[in-house]
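K.L.:
There's a structure below that I have some questions on.
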Amino acid sequence: MKRERLFTEKINVGGVLIGGGSPISVQTMCNTHTADVIATLDQCLKMAEAGADIIRVTVPGPKEVDAVRIIHDKLREEGIRTPLVADIHFSAKTAIAVAPYVEKVRINPGNFHKDHIQAKALFGQFLDVCKENGTAIRIGLNHGSLGDYITNLYGNTPEAMAMAAMEWVGMCREKDFRNVVVSLKASNTIVMVEAYRLLAAKMKESGTIFPMHLGVTEAGNGDAGRIKSCVGISALLSEGIGDTLRVSLTEDPVNEIPVGRYLADRYNGNLRSGLKNINITGRRAVAYYECADKDRLLLDFSCDFGKRLLDRELDEVELHSGFGEEYDAYLVDELMQASRRRFYRPEYVACPGCGRTLYNLQDAFEQVKSRTSHLKGMVIAVMGCIVNGPGELADADWGYIGEGNHLVTIYKKNVPVLRHVPDAEAVDRLLELIEAQQG
Ligand code: SF4
């Protein structure tokens, strides 16, 4: 499907063009500890080989800056030109220190300082350094990590996300800094789609549309993670919003690339869905597919129907794929859940993990899923770090966050209720708390 593109500024991230009619690019992020140069370099090489257009690494503090510089140099020595992005949370000092050594820095400027005026001053200094070094930036705001300044004005809403981004975008315009990408990720597909639509409209009104990086954050893993990502990202790409993307999965990050590549290829106009026939009566559709395999069916079906369910153009879909009635019914259930139209199991929120993760997130997530599968409709989050995880629990009823040293903190909403629980007991304690609440 060829989309009508929203015409944005075109930026250059180390030779990869984003926006202004350039092909949609695919990003991913290392989950290694960045200070472990060998492991991170090895993962970057695997990602580049798998087709990542842009690779991100976390930079928790100034001591990782040197590691990033070495990783960057070694990649170039290996002949890998894939641009490197530094992911920064909270520390303006780290953002400024790393900017000369990477092609792009991802920041949430609202977190640079508790005081909003100070945060703006630090953002200004950061832009000066990026300008001097030709470094691009991503203003990356997530639902759940907005500052008090903005939530006091607009609540924790898609509008708050868009308004927060617009303030930083405005500062970039004032300083004539145009090497900017913006993202507004959320785990809830309705919130995510609404936030980007509002942002696109507001940037259009302002006269400068910066390219947008799309993603459903904390999408989880397996089929559910892929379907949720496709629903949110394809809803926007199909209406011309979005220039680069990351599918975040709580798996080996190399697995993110084929899903991202599918989305990019589809909305770059290079592949067609296996949807062969569709009958629509009122707001109910019956769809017939011919796909080579189940993986492809899952992607085609999610992109063909996710937006229509999200936007309530349709209320029900019946699928006929040739892979059996049971599988068809399962995919319909998963798509209804990802589109937030019907919940047939708990809703899981899990980050992909990154260099800040100090425990085996993937195993913990599987364990939590297997023990809580009966809690239909409940939102359970499993997050990779105690630094950023708590802020991202906005949508969750319960949260499970590994602290490191085999200890876990359990959250009710975003309030810690049990700290330092040994990981071997943590799921039992979580279930006891949930049962106690249910009476
Ligand atoms: S919440 Fe997850 S992805 Fe985000 S910084 Fe922490 S470990 Fe990394």
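Every number here is computed from the coordinates shown, using simple stated rules; none is lab data. For clarity, every value in this text was computed on a predicted model and none was experimentally measured. Here the Cβ is made from the backbone with ideal geometry for all residues, glycine too, and neighbour counts use every protein chain on show.
K.L.:
Viscosity 0.890 mPa s, temperature 25 °C: give me the Stokes-Einstein translational D for region 100-162 in µm²/s, with Rh taken as the Kirkwood radius over C-alpha pairs.
P.N.:
D = 195 µm²/s.
K.L.:
Evaluate the Debye formula for region 1-135 with equal point scatterers sitting on the alpha carbons, no solvent, and hand back log10 of I(q)/I(0) at q = 0.13, 0.16, 0.20 Å⁻¹, in q order, two decimals.
P.N.:
The computed values of log10 I(q)/I(0) come out as -0.58, -0.84, -1.17.
K.L.:
Treating the beta-carbon of each Lys and Arg as +1 and of each Asp and Glu as -1, no other charges, what is the dipole magnitude of region 275-338 about its Cα centre, to the nearest 20 debye? Intermediate values should be presented prior to the final figure.
P.N.:
Numbers: 8 positive and 15 negative charges, 59 e Å.
Value, rounded to 20: 280 debye.
K.L.:
Under a Cβ-Cβ cut-off of 12 Å, what is the net charge of the residues other than N360 that fall near it, where Lys and Arg count +1 and Asp and Glu count -1?
P.N.:
Local net charge: -3.
K.L.:
Just to be sure I follow the definition: excluding the sites themselves, where is the longest run in the chain that has none of the trypsin sites (Lys or Arg not before Pro) in a DSSP loop with at most 14 other Cβ atoms within 10 Å?
P.N.:
179-271
K.L.:
Of V129, G222, M161, which is farthest towards the positive pole of region 83-234's charge dipole, taken about the Cα centre with +1 and -1 on the beta-carbons of Lys, Arg and Asp, Glu respectively?
P.N.:
Going by the Cα projections, it comes out as G222.
K.L.:
Can you give the convex hull volume per residue for the Cα atoms of the chain, as a whole number of Å³?
P.N.:
For the chain, the hull spanned by Cα atoms encloses 143 Å³ per residue.
K.L.:
Would you mind counting up the charge near N255? Only other residues with Cβ under 15 Å from its Cβ, with Lys and Arg at +1 and Asp and Glu at -1.
P.N.:
Residues close to N255 contribute a combined charge of -2.
K.L.:
For the chain, what is the charge dipole size about the Cα centre, in debye to the nearest 20, if Lys and Arg each add +1 at the Cβ and Asp and Glu each add -1 at the Cβ? Don't skip to the end; give the middle numbers.
P.N.:
Values: 51 positive and 58 negative charges, 231 e Å.
For this selection, approximately 1120 debye.
K.L.:
Expressed as a whole number of Å, what is the distance separating the alpha-carbon centroids of region 399-434 and region 8-79?
P.N.:
That distance is 33 Å.
K.L.:
From zero outward in steps of 5 Å, how is the percent of C-alpha pairs of region 347-438 spread across the bins?
P.N.:
Histogram of Cα-Cα distances, whole percents per bin: 3, 16, 30, 29, 18, 4, 1, 0.
K.L.:
What do you get for Rg/Rh over region 129-287 if you use C-alpha atoms and the Kirkwood form of Rh?
P.N.:
Using only Cα positions, Rg/Rh for region 129-287 is 1.01.
K.L.:
For region 234-377, restrict the atom set to alpha-carbon positions and state the Rg and Dmax in Å.
P.N.:
Taking only Cα atoms of region 234-377, I get Rg and Dmax of 16.4, 51 Å.
K.L.:
Let me ask something additional. Can you give the charge dipole size of region 347-438 about its Cα centre, rounded to the nearest 20 debye, using +1 on the beta carbon of Lys and Arg and -1 on the beta carbon of Asp and Glu?
P.N.:
Dipole about the Cα centre, nearest 20: 140 debye.
K.L.:
Excluding G21 itself, calculate the net charge of residues whose Cβ lies under 10 Å from the Cβ of G21, where each Lys or Arg counts +1 and each Asp or Glu counts -1.
P.N.:
Taking every Cβ under 10 Å from that of G21, the sum is +1.
K.L.:
Answer with one residue from I70, G242, S187: the one whose Cα lies farthest towards the positive end of the charge dipole of the chain, charges on Cβ with Lys, Arg +1 and Asp, Glu -1.
P.N.:
Projecting each Cα onto the dipole axis, the largest value belongs to G242.
K.L.:
Here is a follow-up. Before anything else, pin down the relative contact order of region 11-267: Cα pairs under 8 Å, at least 6 apart, normalised by residue count, whole percent.
P.N.:
The value is 19 percent.
K.L.:
Can you give the longest stretch of the chain with no exposed loop site, where a site means GluC sites (Glu not before Pro) in a DSSP loop (not H, G, I, E or B) with at most 14 other C-beta atoms within 10 Å?
P.N.:
Values: sites that count: E4, E78, E290, E313.
Of all site-free stretches, the longest is 79-289.
K.L.:
Picking from G306, G21, G353, which is most flexible by a Gaussian network model of the chain using Cα springs under 10 Å?
P.N.:
Its mean-square fluctuation being the largest, the pick is G21.
K.L.:
Can you give the calculated 222 nm mean residue ellipticity of the chain, where each DSSP H run of n ≥ 4 adds -39,500 (n - 2.57) and the sum is split over every residue, rounded to the nearest 500 deg cm²/dmol?
P.N.:
-13500 deg cm²/dmol
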